[in-house]
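S.K.: If you scroll down you'll find the structure; I have some questions about it.
The values are calculated or read from the model by the stated rules, or taken from the named source; none is laboratory data. All values derive from a computational prediction rather than experimental measurement. Positions of Cβ are generated from backbone atoms using ideal geometry, with glycine treated the same way; all protein chains shown enter the neighbour counts. Note: areas computed on protein heavy atoms with side chains; ligands, DNA, RNA excluded. Shrake-Rupley method; radii C 1.70, N 1.55, O 1.52, S 1.80 Å.
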Amino acid sequence: MTTEAASTIPGRTPTDGEWRPLHPLTPFVRGWKVVAAALVVVGQQRGGDLAQRGLPSRTEALITLAAIAALALLAGGYALLAWRRARYRVDADVLQLRTGVLFRQERQAPLDRLQAVDVVRPLLARFFGLAELSLEVAGSGDSSIRLSLLREADAQALRSTLLARAAGLAYEGDVAPEAPEHEVLTVPVARTVESLLRNGSMLVGLLLLIGTVVAAVVLGSPAPLVGLLPIGFTVVSVVWTRFTGGFGFRVATSPDGVRLHHGLLTTRSQTVPPGRVQAVRMRQPLLWRGRDWWRVEVNVAGYGGGRNRDEGAVEENLLLTVGTRAEALMVVGLALPELAAAADIGIDVVAAGLTGRGSQGGFTSSPRGARWLDPIGWRRHGVLVTRAVLLARRGVLVRELDLVPHARTQSLALLQGPLQRRLGLASFAVHSTRGPVRPSVQHLPADVAAALLHQQAERAMSARADSTHDGRWMMGR
Amino acid sequence: MRSPGDPMVPDDVAWSAVSPRLALGRRIVACGSLLVLAIAVVVVAGVAGSPIAFLGALVPLALAGWVWWLIGRQVAAIAYAERDDDLLVRRGVMFRSLAVVPYGRMQFVDVEAGPLDRALGIARVQLHTAAARSDASIPGLAPDQAATLRARLARRGEARLAGL
């Protein structure tokens, strides 16, 4: 395996506590991004003119080329400087990264606070066998550390070593062996495509397209189609991003935690160690109902913070892009081992929370008075507390079920508006780390919600007290 | 644990109110800007020479009166209670909220005071957990009270801190 190759060459192990540089091809790969962006901009600007004015003149073309070349030189030079300054080192407890051309920065990631490790391979880096290692440590704002770029083998070796050290696992040599992976589920491409088509805005877009085509044929002019182009471009790019991001979605288990592999052009391998999942949401849009498909989203501390907001926060926080109910339940079971450990509820209860209404499955739901505030969905608002997990259910058209382990509860709140007060209702919210899952239960009877608030505070405390998943998860096993 | 009476205001704990100087500070900011607006309207009306326009100044003045009253009620509704293992913070008159922040979940505690706050002798204690949404802050404490509260919270947090 690759790890052997890395460990047999002395001085090449990435984990010996020495300061080492990133891969020398880094400036080329990263500088290229700027040039590509410039090319896209020029292409968009000039593409429109091309149709009207024909080919640009020779001087015009030369000026454009020269500008792009200058930009490439500038970007490349900066990337080169950045690469020369960047150094990282790994020792027993921390990973450190020094970066910065003008403003120096030194980041330190305590390994016992490691929340997730991703190996990301952008398209261009894949050609050169390079990869980016991205670590999430618990912190507010942008707390991730990105080692960009490393040799792929080094990135893999570093990942297993970091995970092993974070877990407090003993191993021989400088580099920990790669943890064995057991694949549990793959999302077929056909299903990914169909799930993208079963989407409200997609349907509207299709209808719009058909309408315009008809209009164009009737009018005998392509003018309506041209008008549709910008909208069409946006829709296509959104769908394309989702398609490539979720392409070939695979879920696997390993002693390191849950492994997710996905991506068509940029591939991403995520490892979320046990007990790092803060909250889970199962979601079923209206048009997926016929197939009984579900999407599973998670909150992991560090995911979706800072830089990731514009760069695929949705993608990172996905535990399953689209799956059958059985698959979704299985994945949720992997993410929340507490669920299986607490024998008091089976996965059946979770299933009841997916579609149930009223008091089905033992849920506490909104009283009749809530129909004034939510005439359609009042029966679906419900909460169920099990020994280890709190389940919050909502939504008639778009069904949602949130699961929060008691041990991962950050803080709690009770909210009551003037109408709720009149009706004797209150809403209950559990605060989780940043992410797509924001668990809350609307319109519970006020006294029930208040009792829940205090009981849940106590449960969260006692659950934390005997939580074994914090810090080094392999210690004492 | 079910408390009799209003569930949003559990009465089995000792609530501490915040300083009424907080209301003064908020009133200065809110009513002050409305007053400036009223003066502006009067000036414009004077320049335009239209007596009807002077009545327009009554709108911001009336608003200022209402805001004055509202802020008093809002500040009176802010209260906190230190329990054995968590902190309760309650606020709001129309839209009420009651937050529970376990000491073990506090990552760090800040004390903040702006220039106006310092002039009035108040400070705000801001609690940070790993959750972005848990907005647990106690405004309007006397600075020394804020400092001791922060120290106490930090000590309790350290004793109970349990990772994420």
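S.K.: Given the whole protein assembly as supplied and a 1.4 Å probe, what does the accessible area of A:Thr266 come to in Å², nearest 10?
M.R.: Solvent-accessible area, nearest 10 Å²: 60 Å².
S.K.: So what are the ³J(HN,Hα) numbers for region B:50-62, from phi and the Karplus equation (6.51, -1.76, 1.60; θ = phi - 60°), rounded to whole Hz, Gly and Pro as x?
M.R.: Listing the rounded values in order: 10, x, 5, 4, 4, 4, x, 5, 5, 4, x, 5, 4 Hz.
S.K.: Shielding of A:451-460 by partners, i.e. mean partner chain Cβ atoms within 10 Å per residue?
M.R.: Numbers: counts 4, 1, 8, 10, 2, 1, 8, 5, 0, 7.
For peptide A:451-460, the averaged partner shielding equals 5.
S.K.: Using 7 Å Cα-to-Cβ label points, what is the B:Val59/B:Arg118 separation (nm, one decimal)?
M.R.: Result: 3.8 nm between the two label points.
S.K.: Average partner chain C-beta neighbours within 10 Å, per residue of A:429-442?
M.R.: Details: counts 4, 3, 12, 5, 6, 4, 2, 0, 0, 3, 0, 1, 0, 0.
Mean shielding count: 3.
S.K.: Next question. What accessible area per residue, rounded to a whole number of Å², is obtained for region B:21-73 using a probe radius of 1.4 Å? Mind dumping the intermediate values first?
M.R.: On the way: 3340 Å² over 53 residues.
Heavy-atom accessible area per residue stands at 63 Å².
S.K.: At a probe size of 1.4 Å, how large is the accessible area of A:Met202, to the nearest 10 Å²?
M.R.: 40
S.K.: Quick check: net charge around A:Arg126, other residues with Cβ under 13 Å of its Cβ, Lys/Arg +1 and Asp/Glu -1? Before the final figure, lay out each step's value.
M.R.: Details: positive: A:Arg121, A:Arg151, A:Arg268; negative: A:Glu132, A:Glu152.
Net local charge, A:Arg126 excluded: +1.
S.K.: Taking K and R as +1 and D and E as -1, what net charge do the other residues with C-beta under 10 Å from the C-beta of A:Asp402 add up to?
M.R.: Values: positive: A:Arg281, A:Arg283, A:Arg393, A:Arg394, A:Arg438; negative: A:Glu297, A:Glu400.
Within the 10 Å Cβ shell, the charges total +3.
S.K.: Let me ask something else. For the pair B and A, how large is the buried accessible area, both sides, in square angstrom to the nearest 100, if the probe is 1.4 Å?
M.R.: Values: alone 9840 and 23300 Å², together 30240 Å².
Counting protein atoms only, the buried area is about 2900 Å².
S.K.: Please list B:Trp68, B:Trp15 in order of solvent-accessible area, largest first, computed with a 1.4 Å probe with all protein chains present.
M.R.: On the way: B:Trp68 125, B:Trp15 60 Å².
My answer, sorted largest first, is B:Trp68, B:Trp15.
S.K.: Let me ask something else about it. Given the rule -39500 (n - 2.57) for each run of at least 4 DSSP H residues, summed and divided by the residues of chain B, what is its mean residue ellipticity at 222 nm, to the nearest 500 deg cm²/dmol? Write down the numbers at each step before the final one.
M.R.: On the way: 5 runs with 77 residues, N = 164.
Rounded to the nearest 500, the figure is -15500 deg cm²/dmol.
S.K.: Can you give the Rg and Dmax of region A:189-246 based on its C-alpha atoms, in angstrom?
M.R.: 13.2, 40
S.K.: In whole Hz, what ³J(HN,Hα) sequence does region A:112-122 give by Karplus (6.51, -1.76, 1.60; θ = phi - 60°), x for Gly and Pro?
M.R.: Here the 3J(HN,Hα) series is 6, 9, 4, 9, 6, 10, 10, 10, 10, 10, x Hz.
S.K.: Just to verify a number: FRET efficiency for A:Val42 and A:Phe103, C-beta to C-beta distance, R0 = 45 Å, to 0.05? Show your work: numbers first, answer last.
M.R.: Numbers: r = 30 Å, r/R0 = 0.68.
Taking R0 as 45 Å, the efficiency between A:Val42 and A:Phe103 is 0.90.
S.K.: Using alpha carbons only, how many angstrom separate the centre of region B:107-164 from the centre of region A:253-272?
M.R.: If you average the Cα positions of each part, the centres end up 39 Å apart.
S.K.: At 0.36 nm per residue, and after removing the present C-alpha to C-alpha distance, how many nm does the segment from A:Asp93 to A:Ala326 gain when stretched out fully?
M.R.: Working: separation 233, 0.36 × 233 = 83.88 nm, distance 3.94 nm.
Answer, rounded to one decimal: 79.9 nm.
S.K.: Rounded to the nearest 500 deg cm²/dmol, what is the calculated helix-only ellipticity per residue at 222 nm for chain A, with -39500 (n - 2.57) per DSSP H run of length n ≥ 4? Spell out each step's value before the answer.
M.R.: Details: 14 runs with 192 residues, N = 477.
Only helices count here, giving -13000 deg cm²/dmol.
S.K.: Let me ask something else. Given a Förster radius of 56 Å and the C-beta distance between B:Arg73 and A:Ala223 as r, what FRET efficiency does 1/(1 + (r/R0)^6) yield to the nearest 0.05?
M.R.: Details: r = 60 Å, r/R0 = 1.07.
About 0.40, to the nearest 0.05.
S.K.: Between A:Arg85 and B:Ile52, what is the spin-label point distance in nm, taking each point 7 Å from the Cα along the Cα→C-beta axis?
M.R.: About 6.5 nm separates the two model spin labels.
S.K.: Also, I was wondering about something else. In chain A, carbon and sulfur make up what percent of the accessible area (probe 1.4 Å)? Could the numbers behind the result be given before it?
M.R.: Values: 13600 of 21870 Å².
Ligands and nucleic acids excluded, carbon and sulfur give 62 percent.
S.K.: Further, regarding this structure: Residue by residue through region A:333-338, which ³J(HN,Hα) values in whole Hz follow from phi under the Karplus form 6.51 cos²θ - 1.76 cosθ + 1.60 (θ = phi - 60°), with glycine and proline marked x?
M.R.: x, 5, 6, 10, x, 4
S.K.: Note down the net charge around A:Pro27, summing +1 for each Lys or Arg and -1 for each Asp or Glu among other residues with Cβ under 13 Å from its Cβ. Before the final figure, lay out the partial values.
M.R.: Numbers: positive: A:Arg30, A:Lys33, A:Arg84, A:Arg85; negative: none.
Net charge in that neighbourhood comes out at +4.
S.K.: Here's a follow-up. Can you give the FRET efficiency to the nearest 0.05 for A:Ala69 and A:Thr355, using r as the Cβ-Cβ distance and R₀ = 60 Å?
M.R.: Calculated value: 0.50.
S.K.: Using Cα pairs closer than 8 Å and at least 6 residues apart in sequence, work out the relative contact order for region A:274-465, in percent. Walk me through the intermediate numbers first.
M.R.: Working: 398 pairs, mean separation 42.2, N = 192.
Averaging sequence separation for qualifying contacts and normalising by length gives 22 percent for region A:274-465.
S.K.: Quantify how strongly other chains surround peptide A:381-391 by giving the mean number of their Cβ atoms within 10 Å of each of its Cβ atoms. Intermediate results must be reported in sequence, preceding the final value.
M.R.: Numbers: counts 0, 0, 0, 0, 0, 0, 0, 0, 0, 0, 0.
Going residue by residue through A:381-391 and averaging, the value is 0.
S.K.: Same structure, new question: When only C-alpha pairs under 8 Å and at least 6 residues apart count, what is the relative contact order of region B:21-73, in percent?
M.R.: Working: 40 pairs, mean separation 24.8, N = 53.
Relative contact order, region B:21-73: 47 percent.
S.K.: Could I ask something else about it? Pick out, from A:Ala407, A:Ala450, A:Met461, the residue whose Cα sits farthest towards the positive end of the charge dipole of region A:274-465, with +1 on the Cβ of Lys and Arg and -1 on the Cβ of Asp and Glu.
M.R.: A:Ala450
S.K.: Another question about this same structure. Under the definition of Cα pairs under 8 Å and six or more residues apart, what whole-number percent is the relative contact order of chain B?
M.R.: Details: 249 pairs, mean separation 35.0, N = 164.
Relative contact order for chain B comes out at 21 percent.
S.K.: Just to be sure I understand the model, the point goes 7 Å from the Cα along the line to the Cβ. What's the resulting A:Val236 to A:Lys33 distance in nm?
M.R.: It works out to 2.5 nm between the two label points.
S.K.: To continue, here is another question. Let me know the shape class of chain A, please: from the alpha-carbon gyration tensor, a ≥ b ≥ c as square roots of the eigenvalues, rounded when a/c is under 1.5, otherwise prolate if a/b is greater than b/c, or oblate. Mind dumping the intermediate values first?
M.R.: Working: a/c = 2.13, a/b = 1.16, b/c = 1.84.
Oblate is the answer for chain A, as a/c is 1.5 or above yet b/c matches or exceeds a/b.
S.K.: Also, quick follow-up: How much area per residue is accessible in chain A when the probe is 1.4 Å and only protein heavy atoms are counted (Å²)?
M.R.: Working: 21870 Å² over 477 residues.
Result: 46 Å² of accessible area for each residue.
S.K.: Suppose every Lys and Arg Cβ carries +1 and every Asp and Glu Cβ carries -1, with no other charges. What dipole size does the protein assembly as shown come out with about its Cα centre, to the nearest 20 debye?
M.R.: Working: 72 positive and 52 negative charges, 268 e Å.
Its charge dipole is roughly 1280 debye.
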